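The values are calculated or read from the model by the stated rules, or taken from the named source; none is laboratory data. Model, not experiment: these values are computed from the prediction. Don't worry about glycine lacking a Cβ; one is built from the backbone with ideal geometry, like all the others, and counts go over all protein chains shown. Surface accessibility is based on the protein's heavy atoms, side chains included, excluding ligands, DNA and RNA. Shrake-Rupley method; radii C 1.70, N 1.55, O 1.52, S 1.80 Å.
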Amino acid sequence: MDFGLVLQTDPPASAVVGLMRRAERNGFRYGWTFDSAVLWQEPFVIYSRILEHTTKLTVGPMVTNPGTRTLEVTASTFATLNEMYGNRTVCGIGRGDSAMRVAGRSPNTLARLGEAIDVIRDLAEGRETAVEGRPLRIPWVRGGKLPVWMAAYGPKALALAGQKADGFILQLADLYLTEYMVKAVRTAAADAGRDPASVTVCVAAPAYVSDDLAHAREQCRWFGGMVGNHVADLVSRYGEHSDLVPEALTAYIKGRHGYDYSHHGRAGNPSTDFVPDEIVDRFCLLGPAEAHIEKLQALRDLGVDQFALYNMHDAKETTIDAYGAEIIPALNR
């Protein structure tokens, strides 16, 4: 199993670079960041520094979207980093939540997202493709490689990930929902004539290594609110009791009352008081190292290839070190 570290690009950028270097030393192979230009610093600038100060780490956004940058700009940015540092990037992409809504726009349609997956990959790897009906190619790309991984929850998005994406990003670590959604993605891949095993599965969730479970929950409760934004979209589209969306995903947002993006992805977020302990426990990895190992082994058995650790709490360094000392070695023995 691979491991990734997920950070927000809060200033100073040097602290983000330092944590990514620490993660690489501890056996993490991927470095991810949020991508929301108003809420945090521009991640692609910081990726260049991370790549310069690491040797093997693969970096990318979790997740970008096809609305805040044009597709050719996104592709060229990845291709430039790859030319400079040797194909060490991955494009995580989704419809866009905070990046679009904070700027007063709606998330992108799935049709636009599907187009973006093909166009960004083709351009970043040097192939000609159609952009708004016109042929386009980046002529200086030589030997570029860019995997595109798609974030998804709903049935249509899961199908699109299986049909087009190189990887599937699931932003929660609930075992039942992971099994359900991985099966949906792989079924869609098979139906599209693809090898289902060729779609990399990445589960992303907060992790907090501690015997103080109550404190760990409070540090990670924000995650249920972030996931709740996407769940609320699904409920508005499919209804509260739909056969297309598991109630195990939707039931907990009944007490949700709006969301303040100024606290997005942060411990102590006041918009997440509706999130019960049960959801925090199901969606996150909490407790002593042994509890993390047990859950990660179960996720691996469900077909998960990478666990990406959201590290937005008061124990960033100690969590990275605990994973490096105990958890990553146990999963890779």
Simple label model, 7 Å out from Cα along Cβ direction - residue 241 to residue 274, nm: 1.9
Taking a probe of 1.4 Å, how large is the accessible area per residue of the chain, in Å²? 41
What fraction of the DSSP beta bridges in the chain is antiparallel, stated in percent and rounded to the nearest 5? 10
To the nearest 10 square angstrom, how much accessible area does residue 242 have with a 1.4 angstrom probe? 30
Provide the gained length on full extension for the span residue 251 to residue 211, in nm with one decimal, where the gain is 0.36 nm per separating residue minus the Cα-Cα distance. 11.5 nm
Which distance in Å, rounded to a whole number, links the C-alpha centroids of segment 270-333 and segment 107-160? 31
Roughly to the nearest percent, how much of the accessible area of segment 142-279 is carbon and sulfur, given a 1.4 Å probe? 49
Quick check: residue separation of residue 10 and residue 103 times 0.36 nm, minus the Cα distance between them. What number comes out in nm? 31.7 nm
Give me the percent relative contact order of the chain, please, defined on Cα pairs under 8 angstrom at least 6 residues apart. 18
Helix hunt in the chain: which complete DSSP H runs extend at least 15 Å axially by C-alpha with mean Kyte-Doolittle at least -1.0? 13-25, 71-85, 110-124, 175-191, 222-238, 289-301
Violating pairs (Cα-Cα greater than 25 angstrom) within the set 164/316; 295/316; 164/254; 56/183; 254/295; 56/316: 164/316; 164/254; 56/183; 254/295
Output ordering of 123-131, 192-200, 163-171 (per-residue mean of other Cβ within 10 Å, highest first) is 163-171, 123-131, 192-200
Over the chain, the sum of -39500 (n - 2.57) across DSSP H runs of at least four, divided by residue number and rounded to 500 deg cm²/dmol, gives at 222 nm -13000 deg cm²/dmol
Spelling out what I want: for every residue of segment 311-316, take phi, set θ = phi - 60°, compute 6.51 cos²θ - 1.76 cosθ + 1.60 (Karplus), and round to whole Hz; glycine and proline get x. 10, 10, 6, 8, 9, 4
Once you order the gyration tensor axes a ≥ b ≥ c over the Cα atoms, which shape class does segment 47-122 get: rounded for a/c under 1.5, otherwise prolate or oblate by comparing a/b with b/c? prolate
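Taking R0 as 30 Å, what's the FRET efficiency between residue 290 and residue 192 from their Cβ-Cβ distance, rounded to 0.05? Let's see the in-between values first.
Numbers: r = 40 Å, r/R0 = 1.33.
After rounding to 0.05, the efficiency reads 0.15.
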Take 314, 277 and sort them by solvent-accessible surface of the protein heavy atoms, 1.4 Å probe, largest at the top. 314, 277
With all protein chains present, calculate the accessible area of residue 202 using a 1.4 Å probe and round the result to the nearest 10 Å². 0
